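Here is the structure we will look at, set down as structure tokens.
The values are calculated or read from the model by the stated rules, or taken from the named source; none is laboratory data. Treat the numbers as computed from the prediction; the structure is a model and nothing was measured. For neighbour counting, all protein chains shown are included, and Cβ atoms are generated from backbone atoms with ideal geometry for every residue, glycine included. Please note that ligands, DNA and RNA were not included when accessible areas were found on the heavy atoms of the full protein model with its side chains. Shrake-Rupley method; radii C 1.70, N 1.55, O 1.52, S 1.80 Å.
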Amino acid sequence: MLDYEVIEVDVLVVGGGGAASRAAIEADSAGANVCMLVKGLFGHSGCTPIALGGYAAAFGNADPRDNWRVHFEDTCVGGGMLNNQELVEILCKEAPERFKELESYGSIFDRGTNCRYYQRQLGGHSYPRTCTSGDRTGGEMMRGLVNEVYRREIKVLQDCTAIRLLKEDDRVVGCLAYELKRGKFLVFRAKSTILASGGCGQVFKFCFAPYGKVGDANRMALEVGAELVDLEMFQFHPTGYIAPESIAGQSISEGVRGEGGRLYNVLGERFMERYNPKQLELACRDFISRCIYFEVKEGRGTEDGGVFLSVTHVPAEIIEQRLTTMLMRGLNYGVDIRVEPMRVYPSSHYQNGGIRVDTTWKTKVDHLYAAGESAGGVHGGNRLGSNSLPDLLVSGKIAGWNAARAALDSYKPVDMSNFRREIERAFKYVEDIVSTDNGVNPISMRNEIKELMWNNVGIARSKESLTHAINVLEGMKKRPPRVGQRGKSYNVEFLEALDARSMICSAECMARGALMREESRCGHFREDYPVPKHEWTVNIVYSLDEDGELRLRKEPVVQTILDPYGTEMPIFPTHGRIECGE
Amino acid sequence: MGTVRKEIKVKVFRYDPQEDAEARFEEYPVEYYEGMRIWRALDSINEKQRANIAWRLSCREYLCGSCTIMVNGRPALACKTAVEDGQVLEPLPYFPIVKDLVIDRDVAANRLIKLRPWLLREDDISKTEVKLHQSDILMARDMTQCIGCLACIAVCPAIKGAWEQFNGPMYQTLIAKAAFNPLDKANRVADAIRAGAFNCTQCGACRDVCPKKIDIPEKAIGQMKVLFARQQGDGPGKAVVESVKLNYNPFGRIEPKWNWADGLGLPKSGPVLFFAGCLSSYEFGGTLRAGVELLRKVGVEPCYLAQDEPCCGEPLLRLGYENEFVKHALDFLECCKLRGVKEVITPCAECFRAFTINYPKYIKGVQLPVFRHVTQVLSDKKGRLKLKSEKIKGMKVTYHDPCRLGRDCGVYDEPRSLLYDLKGVEFVEMEKTRRDAVCCGAGGGVKLVNSPFAEEMGMTRLEMAKQTGASMLVTACPWCQWNFRDAMAKGGGTMVLKNIVDLVNENL
């Protein structure tokens, strides 16, 4: 067994983004001793600091008719009625309160003409309710959260990857982690653990998800007996650059469409008029992604395989003030969005599902919580734009509070001999990676997984493509990368080998779930089952059985206000229709 | 996919402090396609060569600030910058190296905490939607574009000396954000000044490398100085303001500054004005005389305001006195109008920058004369100069680009064209020139309020000049000249220091 250092803590937060920070802040407020474990750089890594769209909250500033119930309904309809409505209620009720706190941390957000928070219209929302800071809302939010974490002197370990959770009976008691800087292993004895390390977007070749987001939380949760939900429902964001090659895959904020952006095919037709004349470019992301897919598949796309997104009709000052980042990004590659259209195609964006939690954001396993993108249920089959940032703060606060309470209120002491055995077990996982070099290149495998998933489990799926993906992944599971001893500190190959294992796990879940769900709903499109089916208004829950095999089962949707079977949903196209109307 | 496909090579800094005795460079082949970014090159090297280079990457979209490294000696984001054949990739300076291209960012985080970047105010606004006007927050929003990439820190000449004298552009930007945040009630301006805002020469190197193009010298540092001037009755700048107003110079000197022109017979009015500048008038009279002679040789007959020549006003701006600057500039422009001046030629780079950048920025609705630096005029008309042709043995010269002339105004080629034509000397370039030139240390008012620190920075640049093997350092700005002269006197080297005007004059 390798050398390690033990750190005792009340609440361990795995992650460094918005949810992790807010959870840490709340746990600290509750009096717990907290430690944050950030895989990369705190305040720089993950999606929160780069999130562009905005923060949805029913303040009613732009339209006084708005309130949490409308937000709730929009979220559920947008989610294909697969949302856990208990969680959605909490999200919509508490989003405004959590937003106000940010300015007390040092953030500053845009104001509208009435001197109250500016609210922009985004896809799928009935009223404009997206609060912004230019087109860098996530960055501004992160800055405030970083400030508050530092102000409270909460311990933050950067460059630290969590590897495996440690368990005692039915509760999580700690975590094994690797600190890159010194090349040291850390063992946390944590009374409560919160997994808030994002989703698994990096399993796709084209993804907005940053490097490192490989679904670590999904894997670690499954390993200790927690369940996942809705993993097959991955969100494809309609607008990522497709050309020029050097910029391919980079994101174009939904805010561009929010400020009036229009989509055109190669024939110059504003094709959204054909698919959804009422909402046009502000329909839900999954809807538009599918429309673009058909446009290109049926030969109406550009030679790069995309369509055009144009804001040339929007006044330059608006673009310069509200879409600064998009403008500068384009200019860096010679594209001036004020005078020419962007060439776009959907890219993978967000993990709608995640770890299954209850209304305290606790998982099935005691003392294990999940928050943010890592947690599933809030967004159902498809997340609305600007619903993630409020999710981070709302779920983060609740998970943080409850984790702290679980740690501080009558905590049963840890059985030390079991703890030592758990550490040994966790280290076997590590030793499996470093004891030999089996010639499997972890970076090549990572790229293979990405290519495999994009081609087979992407925007368009079929029984053939999914079965193929599952077979390949099964092969990879049998022969994961083993890289031997390649140096101690900042061992990139070791990290890649760890990442590959996380990717395989999430990828397998997604592929199996997609195969099981024989219908099309939201972003999950089956070419062999192209319409939604009544009986599939259920959630797929993932778990590992005693032999460590993945088991999938159906569970009824958790409903409160809306009847998931009775609520009307938008009709998605099953092909590109040439005739107008319908 | 890409069109052009070929193999290129890049050099990567390799060093593991835990295992290696010393650092080295390794060269790696990369399968290149057009527009390929450095991050893809590094990833492909790690994949194909199993190089295990330690590096950072996150968003790949130049939004997160994680992947900053030195590319051919210039800080850049690996995800944004195109890879090129022969590129040299190194970690950022000034931070401990963890391994290869990875530096210890905990140090940077700890510095951030010292600034108290969180909101400071008595009451609790966490449950309030505070009403504000959008125009109230725009200045803070400008500063908040900062992604914390550390590129600015890597090129700041004031940090090279010590972190204690100046905490760095990025940190000043974040203090500025708090200062401009209408919700924050602490005296952030005092924080900024304490952290060394007045030790910043506003050289612009930070703005040049900032991926978000934040105008740190003007909008952060400059604005803090303005706010400070408003706060303070008597700051270090107050004496300077009085001197400029009463005695037409920022040094507090009362003796005449026009004596250098004795015997030259310069008229007091005319279409072309020679603006000597306060510093040159007091310290480098010989250079001024040479300048006038050269102008006459190329057919320009300048006039000179003598007693009526004011300060260009730039020191007022450097110390935060915007209104004073405007008043002063308007007086000067009025005088020009009365004397029939259509064109102003100056040998001073600070004056030149004041005229060409700040006058148009601050003065509206007034017709400005054409402003030119003396090297621009001489370069234009150099056909009329008869220059020596024999080579002087051992005369190797190098040229320092003044920040004001170069990076701020883009005048790089005109001085060089004069140097190229001097067949008598051998001209060699320093490693960091043009927009990458490192500030001499005198700008931003630093020479006036903290001369020892300015000299420290000057010595750093002198070292770079020495490395070229040149025996002479040439510059086109009296402030650079003044500071280098003082730094040399403190033991900064044995090179000969010369203004380009003098050098040209001596080589006729």
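Here are the numbers for the structure shown:
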item: Candidate lysines - alpha carbon under 20 Å from B:Lys423, same-chain residues fewer than 8 apart omitted; result: B:Lys297, B:Lys381, B:Lys382, B:Lys386, B:Lys388, B:Lys391, B:Lys393, B:Lys396, B:Lys498
item: Carbon/sulfur fraction of accessible area - the stretch B:256-344, other protein chains in place, 1.4 Å, %; result: 51
item: Positions from the stretch A:63-111 whose accessible area shrinks by 40 Å² or more when the full protein complex is built, not the chain alone, probe 1.4 Å; result: A:Lys100, A:Glu103, A:Ser104, A:Gly106, A:Ile108, A:Asp110, A:Arg111
item: DSSP beta bridges in chain B [antiparallel fraction, %, rounded to 5]; result: 50
item: At least 40 Å² accessible surface lost relative to isolated chain, residues of the stretch B:165-183 (1.4 Å probe); result: B:Lys177
item: Kirkwood Rh, angstrom, the stretch B:386-506 [1 / mean 1/r, Cα pairs]; result: 14.4
item: The stretch B:93-113 and the stretch B:3-24: distance between their alpha carbon centers, rounded to Å; result: 20
item: Helix B:322-338 axis, angle to chain B major axis (alpha carbon atoms, nearest 10°); result: 40
item: Dipole in debye (nearest 20) - chain B, about Cα centre, beta carbon charges: Lys, Arg +1; Asp, Glu -1; result: 720
item: Ratio Rg/Rh [Cα only; Rh per Kirkwood] for the stretch A:480-535; result: 1.30
item: Relative contact order, percent, the stretch B:252-332 [alpha-carbon distance under 8 Å, six or more residues apart]; result: 33
item: Heavy-atom accessible area per residue - the stretch B:4-102, 1.4 Å, Å²; result: 38
item: Rounded Å value of the spacing that divides the Cα centres of the stretch B:268-291 and the stretch A:415-477; result: 75
item: Cα Rg, Dmax, the protein assembly as shown, angstrom units; result: 31.9, 103
item: Within straight-line cross-link reach of A:Lys362, aspartates and glutamates at Cα separation under 12 Å, skipping those fewer than 8 residues along the same chain; result: A:Glu227
item: Average accessible area per residue (Å²) across the stretch A:228-309 - probe 1.4 Å, nucleic acids and ligands excluded; result: 27
item: Qualifying GluC sites (Glu not before Pro) for the stretch A:195-302 [loop in DSSP, other Cβ within 10 Å: at most 14]; result: A:Glu269, A:Glu298
item: Per residue solvent-accessible surface (Å²) - the stretch A:132-178, probe of 1.4 Å; result: 23
item: In the A-B interface, the accessible area buried, summed over both sides, Å² (probe 1.4 Å); result: 6100
item: Nearest 10 degrees, 0 to 90: helix A:388-408 Cα axis against chain A principal axis; result: 20
item: Nearby lysines by direct alpha-carbon distance to B:Lys268 (threshold 19 angstrom, same-chain neighbours under 8 apart not counted); result: B:Lys257, B:Lys337, B:Lys342
item: Percent carbon-and-sulfur accessible area, the stretch B:4-102, ignoring ligands, DNA and RNA, probe 1.4 Å; result: 44
item: Size of electric dipole in the protein assembly as shown: Cβ of Lys, Arg +1 and of Asp, Glu -1, about Cα centre, debye, nearest 20; result: 2520
item: Which of B:Val12, B:Cys67, B:Trp55, positive extreme of dipole for the stretch B:4-102 (C-beta unit charges); result: B:Cys67
item: Rounded if a/c under 1.5, otherwise prolate or oblate - the stretch A:355-434, Cα gyration tensor axes; result: oblate
item: Members of A:Lys450/B:Lys9; A:Lys167/B:Lys99; B:Lys212/B:Lys466; A:Lys191/A:Lys397; B:Lys6/B:Lys80; A:Lys450/A:Lys478 lying beyond 23 Å, as alpha-carbon distances in this model show; result: A:Lys450/B:Lys9; A:Lys167/B:Lys99; B:Lys212/B:Lys466
item: Cα gyration tensor category, rounded, prolate or oblate, for the stretch B:4-102 with a/c compared to 1.5; result: oblate
item: 1.4 Å probe, heavy atoms, protein only - residues of the stretch A:215-253 losing at least 30 Å² accessible area vs chain alone; result: A:Glu245, A:Ser246, A:Gln250
item: FRET efficiency estimate (nearest 0.05) - Cβ-Cβ, A:Lys533 to A:Met328, R0 51 angstrom; result: 0.70
item: Carbon + sulfur, % of accessible area of the stretch A:427-582 - ligands and nucleic acids excluded, 1.4 Å; result: 52
item: Dipole magnitude of the stretch B:4-102, debye to nearest 20 (Cβ charges: Lys/Arg +1, Asp/Glu -1, about Cα centre); result: 280
item: Residue-count net charge about A:Met220 - beta-carbon cut-off 11 Å; Lys, Arg +1, Asp, Glu -1; result: +2
item: Partner chain coverage, peptide B:129-137 - average Cβ within 10 angstrom; result: 6
